[in-house]
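To keep things clear, I will list the structure first and then write my remarks on it.
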Protein chains: 2
Amino acid sequence: MELFAVPDLPEVQPGDDLGALIRERVDLRDDDVVCVASTVVSKAEGRQADLDDFPAGPRATELAARLGEIAGEEKDPRFAQAVLEESTEIIMEAPFLLTESRFGHVGVNAGIDRSNVPDADLLLLPTRPTRSAERIRSEIEADNVVVTDTCGRPFRHGQRGVAIGWAGISASRDWRGETDRDGRELGVTVQNVVDELAAAANLVAGEGAGGTPVVVVRGFEFGDHAGSDNHFRDVESDFVRQALREWEYEG
Amino acid sequence: MELFAVPDLPEVQPGDDLGALIRERVDLRDDDVVCVASTVVSKAEGRQADLDDFPAGPRATELAARLGEIAGEEKDPRFAQAVLEESTEIIMEAPFLLTESRFGHVGVNAGIDRSNVPDADLLLLPTRPTRSAERIRSEIEADNVVVTDTCGRPFRHGQRGVAIGWAGISASRDWRGETDRDGRELGVTVQNVVDELAAAANLVAGEGAGGTPVVVVRGFEFGDHAGSDNHFRDVESDFVRQALREWEYEG
């Protein structure tokens, strides 16, 4: 398996034909997985925004006041308003905003980016990243496209790449019913391959000025396994989420 | 960046010289990252165990009874005893055992594997995976070694590869203070590269009978960034863990 960055992508602007920008810089092969950072997808889709686009309502004002008190520095209630508008549920409101985005992704501040946005205050995540992946896939005639993001997680330090949208490939491969060398059923049952592809791509993509937001994974073999598009947990099976809903920060 | 599996590794036995088994099957180059599945590290280190090695005390008996009631099928209290002995904290005891292992990893059932263990009931994780990584690194004269495992996580469906030990390479690279094309400070500050390497390796490693537990990552560039060996979160900064400690399953 081989990974390489698509070279020389220009700064992407609203309305740019992202598919064309990729297509003219790389010769794709069968079964390639094209991993595209959500930043450039958002930029092409015009998801830049300014804080003034989000006049703060009472809930955002209250959230920002509490977060500001905890942080010991003022927090902009317009930013809290943007997070509220991008989310379907506030899972945790202090000491930071952990929410479910409109497409099911659980993350801090609804994944809104305050860096990497020339001429705007904010970059929102794509509205429907799986639809974005499908569109890019058809534009570049790739077999598989994954839209990636980076975020933190419980228990483990630092951020890593994750998939927020995908097309062509299944999100997971399912080892259930398969056995080990000794004939025992496998302990690992469902492997989330699109998250692993996003993590792998992030090793090559880098960040910032030298960043290369599109990475091709060549030679990944899904193999002869059942696939599934379960990617975000159901609330019913997510005990951590249930615990967080009930928890109250008291720091 | 390129990933390939080390071919033809035999079934690893207690006391095997894992370093020699790897070394004679691959020509390593400078800066290669050798990702070794914890299963083979544990096997070589004699971490196979039987349920009879863990006579259940009262706490394990109580835990197994509760888990059995929830699952609607009997649970072996000796298994709960094994989990207790491998853990420093039970973070959540129902509807499954989420614990911190003795080396800081938070996972279900202390990462004890019930598949892939010929002639034994259980395979425990290596006692000190970072020490294992250091030893393998010196045995095979590799620049970098990562000991990997697979586990689930909150919010997202399925399992993915993670690092539980590492040597040579830093766990994370730190982008703090670096800026984007527009001169703004980067949103992503700490990238956990060993977890991303483990995830990438898991795409190639596979599971079960056809599994290849050792994968070489060639051409990964850490670059000119500060590194850190923070890998597992401190309890103080882990609000999810705090919430779970206080939460009570009532299903």
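The values are calculated or read from the model by the stated rules, or taken from the named source; none is laboratory data. In this text the structure is predicted, and so the values were computed from the model without any measurement. So basically every Cβ, Gly included, is an ideal-geometry build from the backbone, and we count neighbours across all protein chains shown. Each accessible area value is taken on the protein alone, full model and side chains, heavy atoms only, with ligands, DNA and RNA left out. Shrake-Rupley method; radii C 1.70, N 1.55, O 1.52, S 1.80 Å.
Do we have residue B:96 as closer than 25 Å to residue A:175 by Cα, open to solvent by 40 Å² or more (accessible area, probe 1.4 Å) and not assigned by TED's automatic domain parsing to the domain that holds residue B:30 here? Step through it out loud before you land on a result.
Numbers: closer than 25 Å to residue A:175 by Cα: yes; open to solvent by 40 Å² or more (accessible area, probe 1.4 Å): yes; not assigned by TED's automatic domain parsing to the domain that holds residue B:30: yes.
Yes, satisfied.
Yes or no: residue A:212 touching a residue at least 60 places away in the same chain (Cβ under 8 Å), over 26 Å from residue B:238 (Cα atoms) and surrounded by fewer than 19 Cβ atoms within 10 Å (Cβ to Cβ)? Lay out the reasoning, then the answer.
Details: touching a residue at least 60 places away in the same chain (Cβ under 8 Å): yes; over 26 Å from residue B:238 (Cα atoms): yes; surrounded by fewer than 19 Cβ atoms within 10 Å (Cβ to Cβ): yes.
In short, yes.
Regarding residue B:61, is this residue open to solvent by 10 Å² or more (accessible area, probe 1.4 Å) and either under 20 Å from the mean Cα position of the chain (by Cα) or at positive phi (or both)?
Answer is no for this residue.
Restricting attention to the stretch A:219-251, which residues are open to solvent by 90 Å² or more (accessible area, probe 1.4 Å) and either in a helix (DSSP H, G or I) or in contact with a Lys or Arg (Cβ under 6 Å, 6 or more places away or on another chain) (or both)?
If we filter the stretch A:219-251 for residues that are open to solvent by 90 Å² or more (accessible area, probe 1.4 Å), which is where we start, we get A:221, A:224, A:229, A:234, A:236, A:245-246, A:248, A:250.
Of everything in the stretch A:219-251, those that are open to solvent by 90 Å² or more (accessible area, probe 1.4 Å) and either in a helix (DSSP H, G or I) or in contact with a Lys or Arg (Cβ under 6 Å, 6 or more places away or on another chain) (or both) turn out to be A:236, A:245, A:246.
Name the single residue, out of those in the stretch A:186-206 being more than 7 Å from chain B (Cβ to nearest Cβ) and among the small types (Gly, Ala, Ser), that is surrounded by the most Cβ atoms within 10 Å (Cβ to Cβ).
So, considering only residues that are more than 7 Å from chain B (Cβ to nearest Cβ) and among the small types (Gly, Ala, Ser), the one surrounded by the most Cβ atoms within 10 Å (Cβ to Cβ) is A:198.
Across the stretch B:229-245, which residue is nearest to residue B:7 (Cα to Cα) among those that are facing another protein chain (nearest Cβ under 8 Å) and of a type outside the set (A, V, I, L, M)? Full working, then the answer.
So the first thing to find is which residues in the stretch B:229-245 are facing another protein chain (nearest Cβ under 8 Å), and the list is B:230-233, B:238-244.
From the residues that got through so far, the ones that are of a type outside the set (A, V, I, L, M) too are B:230-233, B:238-239, B:241-242.
Values: B:230: 32, B:231: 30, B:232: 32, B:233: 35, B:238: 40, B:239: 42, B:241: 40, B:242: 43 Å.
Taking the candidates together, the pick is B:231.
If you go through the stretch A:100-116 one residue at a time, do you hit one that is surrounded by 21 or more Cβ atoms within 10 Å (Cβ to Cβ), in a helix (DSSP H, G or I), of a type outside the set (D, E, K, R) and more than 14 Å from chain B (Cβ to nearest Cβ)?
No; the residues of the stretch A:100-116 include none that is surrounded by 21 or more Cβ atoms within 10 Å (Cβ to Cβ), in a helix (DSSP H, G or I), of a type outside the set (D, E, K, R) and more than 14 Å from chain B (Cβ to nearest Cβ).
(1) within 28 Å of residue A:243 (Cα to Cα); (2) β-branched (Val, Ile, Thr); (3) not in a strand (DSSP E or B): which one isn't true of residue B:127, the others all being true?
With respect to (1) within 28 Å of residue A:243 (Cα to Cα); (2) β-branched (Val, Ile, Thr); (3) not in a strand (DSSP E or B), residue B:127 is out only on (1).
Could you list, in sequence order, all residues of the stretch A:161-183 that are more than 10 Å from chain B (Cβ to nearest Cβ) and more than 30 Å from residue A:112 (Cα to Cα)? Please lay out each step first, then the result.
The initial filter retains those residues of the stretch A:161-183 that are more than 10 Å from chain B (Cβ to nearest Cβ), namely A:164-170, A:176-177.
Matches in the stretch A:161-183: A:176, A:177.
Among the residues of the stretch B:145-160 satisfying the criterion of being surrounded by 24 or more Cβ atoms within 10 Å (Cβ to Cβ) and touching a residue at least 60 places away in the same chain (Cβ under 8 Å), which is farthest from the other protein chains (Cβ to nearest Cβ)?
B:145
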